[in-house]
Amino acid sequence: MSTEPEVARAISNIEDGDDLAAKYEALEKQLGHAIVGQQEVIRAVVLTIFSGSHALVVGVPGLAKTRLVRSLGRALDLSFKRIQFTPDLMPTDITGTDIIEEDPNTGKRRVEFLQGPVFANLVLADEINRTPPKTQAAMLQTMEEHEVSVGTKTHSLPSPFHVFATQNPLEMEGTYSLPEAQADRFMLSIHCDYPSRAEEETIVSNTTGGKEAEISPVFDAAEVLAIQQYVRSIPVSAEVVRYAVDLVSRTRPADPHSPKLVQEYVRWGASPRASQALILGAKAMAAISGAVCADYEGVRSVALEVLRHRIILNFHARAQKISERDIVTALLSDD
């Protein structure tokens, strides 16, 4: 865990936005050694880290979701743990538990806390929707407070701390939908798509040989925390904040300014967390592009990832094959 002096020194090393933008390009280059293509996915994952947040990663098997998060940990010099969520996984399998241990010298017994896999900087909650709500809920305190409570004691998690939860959109049988309240705590919903044919040829060539991709750290934990503080310090005008709030408000059917498409097909709109995520995402976009402030384009660039898992469609939308992407696209085109 990074100390305050280390973070302070790292903050002083961030001279300006141009310096951070250059280092972001270096980070992209390192991740490119292990991940072919997926530029938008890489950008969204890095935005999540720089915003100090968590993200859902949705995609069919074999699209390198695990490889991406593991490679990100290596490029940021952060500890990484993967948790495979299954129907029989218990909350203590994630958070850890108290055990009774006997001192070999004195013979006395004492209670010791055995840390679970959630004690890492980057936690990959693989197929989080395969485990029942009771176990899913074990992640709530870790994501919100960055701590674990077991018995009467509370244990702090490493800092920085980020959760990337994957979901398979194909296999719905035997899965448990992520509760809306928990989904809302993920800043972004990042969707991975199939690579192009040329990219797939490169992937096959790179991964069927004997040489493993080498990734050199670009940042460390102290620098990541410093960047997160820097991102939050980036200025944003009242007009841009108003634009973000207006965009989120129009996802709610009861809002008088919501378009007809929303009123007809949306059951529940996005919460105020979405407005916060839009502004934080716009600030992070400004940071990696070297801009001096968050702007309208930054809000628009993260709108789909911020809103699509927070918009709850009704049955009529499903029958008409209207997707969350359709709703967000319509909202942005109305601007």
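We did not get these values from a lab; they are worked out from the coordinates using the rules stated. This one's a predicted model, so the numbers in the text were calculated from it and none came from an experiment. Note that we place each Cβ from the backbone using ideal geometry, even for glycine, and neighbour counts take in every protein chain shown.
From the Cα gyration tensor of the stretch 235-335, with a ≥ b ≥ c the square roots of its eigenvalues, which class applies: rounded if a/c is under 1.5, or else prolate if a/b is larger than b/c, or else oblate?
Since a/c reaches 1.5 and a/b is larger than b/c, the shape of the stretch 235-335 is classed as prolate.
Under a 10 Å cutoff between Cα atoms, tell me which one of 134, 108, 283 has the largest fluctuation in the Gaussian network model of the chain.
Sorting by GNM fluctuation, first place goes to 108.
Just grab the label-to-label distance for residue 99 and residue 211, each label 7 Å out from Cα along the Cβ direction, in nm (one decimal).
With each label point 7 Å from Cα toward Cβ, the separation is 4.2 nm.
Please arrange 243, 296, 24, 194 by how many other C-beta atoms lie within 10 Å of their C-beta, fewest to most.
Least crowded to most crowded, the residues run 194, 296, 243, 24.
Across the stretch 105-121, in residue order, what do the Karplus-derived ³J(HN,Hα) couplings come to in whole Hz, using 6.51 cos²θ - 1.76 cosθ + 1.60 with θ = phi - 60° and x for Gly and Pro?
Once θ is set to phi - 60°, the couplings for the stretch 105-121 become 8, 9, x, 7, 9, 9, 8, 10, 8, 9, 5, x, x, 6, 7, 7, 6 Hz.
I want to check the label-to-label distance for residue 21 and residue 152. Put each point 7 Å from Cα in the C-beta direction and report it in nm to one decimal.
Simple spin-label model gives 5.6 nm for this pair.
So for the chain, averaging the separation of alpha carbon pairs under 8 Å that are six or more residues apart and normalising by length, what relative contact order in percent results?
23 percent
Could you tell me the calculated FRET efficiency between residue 60 and residue 196, based on Cβ-Cβ distance and R0 = 22 angstrom, to the nearest 0.05?
On the way: r = 16 Å, r/R0 = 0.71.
The pair residue 60/residue 196 has a calculated efficiency of 0.90.
Starting from the exponent 0.38 and prefactor 2.2 Å, build the expected Rg for the chain from its residue count and divide its actual Cα Rg by it.
1.05
In which sequence would 47, 331 go, from the one with the fewest C-beta neighbours within 10 Å to the one with the most? Spell out each step's value before the answer.
Values: 47 27, 331 22.
By the 10 Å Cβ count, ascending, the order reads 331, 47.
Rounded to the nearest 5, what % of the DSSP beta bridges within the chain are antiparallel ones? Kindly include the intermediate steps, with their values, before the conclusion.
Details: 13 of 31 bridges.
Just about 40 percent of them are antiparallel.
For every helix of n ≥ 4 consecutive DSSP H residues, a contribution of -39,500 (n - 2.57) applies; sum these over the chain, divide by its total residues, and give [θ] at 222 nm rounded to the nearest 500 deg cm²/dmol.
-13500 deg cm²/dmol
Determine, for 113, 219, the number of other Cβ atoms within 10 Å of each Cβ, and report the residues in order from fewest to most.
Working: 113 15, 219 22.
With the fewest neighbours first, 113, 219 line up as 113, 219.
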